[in-house]
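Below is one structure, written out as structure tokens; comments come after it.
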């Protein structure tokens, strides 16, 4: 089949998408023609040479792949020793795998190579058949011969065959997959007493000496980075609109023709409480969620402060704001939620509403009925819209005129004056924020930041909405913020630090009492402060407390319901005394639903681990010599 491919292929221009796919193959399988000047050997692996040409080819491919997936990546990232060592490490792994393949007599056959290449969608015609013309043309476009491409393909296929051979013993049985599922799917709940830094706020006094000492010791935290000030002349509809004349007759005509589009849609301002639960959760979890939302609904209907209920009980991201969702119109929320919200009157509270996210209770703060704007209400909006339309028609012509003048040596100020426009001088800003502030691409932002004061960039820069001409006004060196500007930040930091220390001390005191000789009396003393968490898994995110791997590990390692041996510090500085409340096995129903997924996923993970262990063993027993360590620096 390989010979047929070679003999019958002839060319036509490959479509852009096809070309992109082929480029991926180049990066996967290699390319030729790279410079190999200098010492031809970079390293040897069991006597096999890694040539400089091989290293440079791999480096170029890896760097380009990284830049494609991360367009804003600093160039220095791909020049770092760590990146270069990673590239060489990949080459060493290839040599080890190919060497092992030779020992084991593993080699991809012509038939396997032909089948693999023939299955590539990029090489197929509209009917899904292998197209020799496409294949041959694609290889010419990337300057590869069929022989080179097929050998590269054979090499990669051979390495995959070795990995497959290594991975076969790692195939999982159903019982092994079930063990993994049970381990990952198990949840736990804890009883806990939390002591917060804010509990001691009134006891903490921060002196001026402490503030000054912190300021002097942490000046790197208060550094203002180097900044630039620019003068800009923008050619966007928004910036040019103010120079346009819009008559009352034009506004009236637009209003008459577009009255329907000037409607103010109906909106509601709502809050909600979410009890998160998924359709795939166990029946027990479903019932608990329903019971919890019903209880919260009864509290809300009885007159409890809805915002406070949301703060303390909602699982949604709006909980810290009392469940406030702000104003929204139709189409902004999922249908069931929206229907319930718009059906309520101002001040009304909905019965529990089920969505894909769980159970919601909705409270409407306010409502606006849909209206059509009067002419007086709409005229300013219409005038601005028409002005931008006129400006859009003129933008390109004005940009051409301004660019011609810039190239001839005129300053931006003189250009603006001559064209009846205005320049804008920006406030100082960090150079790295130019792209974000104006919508410039990374290359343009770098070029603009590199200008010397008084120098203009000689080409229009693409920005949000159009283009602009840019001139640097000033470079501002890095500096340290004055103490008076950061005083409150320092005070807050020191208060949090001292509060965390006191919280830790208080928690230790509680822990000592609960685990000491008078533990029974202490349990009664602190009973009102003991709370129970919602169930959490081994990932370490405890709903009421936040992320804590040590506390999570203690919960899943606990053998009884005694208080844990340690006091745990939480991300916000609080301290927690805790004990296991219960462990909840992974749901049997979920296992039945997800069995095949776990068999597949866990098997893949086991195979990856087997291959990694195999490669580690090969590396430890190989003779690897880096003959050109200098190129990795």
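Observations on the structure shown:
- Within region 350-383, the set of residues being in a helix (DSSP H, G or I) and exposed (fewer than 15 other Cβ atoms within 10 Å of the Cβ) comprises 375, 376, 377, 380, 381.
- Applying a threshold of 6 Å to beta carbon distances and a minimum spacing of six or more residues, or different chains, the list of pairs starting in region 259-270 at a residue that is over 18 Å from residue 342 (Cα atoms) and ending at one that is outside any strand (DSSP E or B) reads 262/373; 262/378.
- The numbered conditions (1) surrounded by 13 or more Cβ atoms within 10 Å (Cβ to Cβ); (2) not in a loop (DSSP other than H, G, I, E, B) are all true for residue 443 except (1).
- Output for region 556-607, where each listed residue is free of Cβ contacts under 8 Å to residues at least 60 places away in the same chain and outside any loop (DSSP other than H, G, I, E, B): 557, 563, 568, 588, 592, 596, 597, 600, 601, 604, 605
- Flag for residue 207 being surrounded by fewer than 13 Cβ atoms within 10 Å (Cβ to Cβ) and farther than 24 Å from residue 384 by Cα: yes
- In region 38-49 there is at least one residue that is over 30 Å from residue 440 (Cβ atoms) and at pLDDT below 70.
- Which numbered condition residue 485 fails, given (1) at pLDDT below 95; (2) buried (at least 19 other Cβ atoms within 10 Å of the Cβ): (2)
- Test: residue in region 409-416 that is surrounded by fewer than 18 Cβ atoms within 10 Å (Cβ to Cβ), free of Cβ contacts under 8 Å to residues at least 60 places away in the same chain and on the phi < 0 side of the Ramachandran plot: yes
- Residue within region 583-605 that is modelled with pLDDT of 90 or more, surrounded by 12 or more Cβ atoms within 10 Å (Cβ to Cβ) and touching a strand residue (DSSP E or B) at 6+ places or on another chain (Cβ under 7 Å) present: yes
- Of all residues making up region 538-556, the number that are surrounded by fewer than 20 Cβ atoms within 10 Å (Cβ to Cβ), farther than 16 Å from residue 584 by Cβ and over 25 Å from the mean Cα position of the chain (by Cα): 3
- Of all residues in region 101-130 being over 24 Å from residue 165 (Cα atoms) and without any contact (Cβ under 8 Å) to a residue 12 or more places away in the chain, the one that is surrounded by the most Cβ atoms within 10 Å (Cβ to Cβ): 124
The values are calculated or read from the model by the stated rules, or taken from the named source; none is laboratory data. Everything numeric here is computed off the predicted structure, so don't read it as measured data. Neighbour counts run over all protein chains shown; Cβ positions are idealised from the backbone, glycine included.
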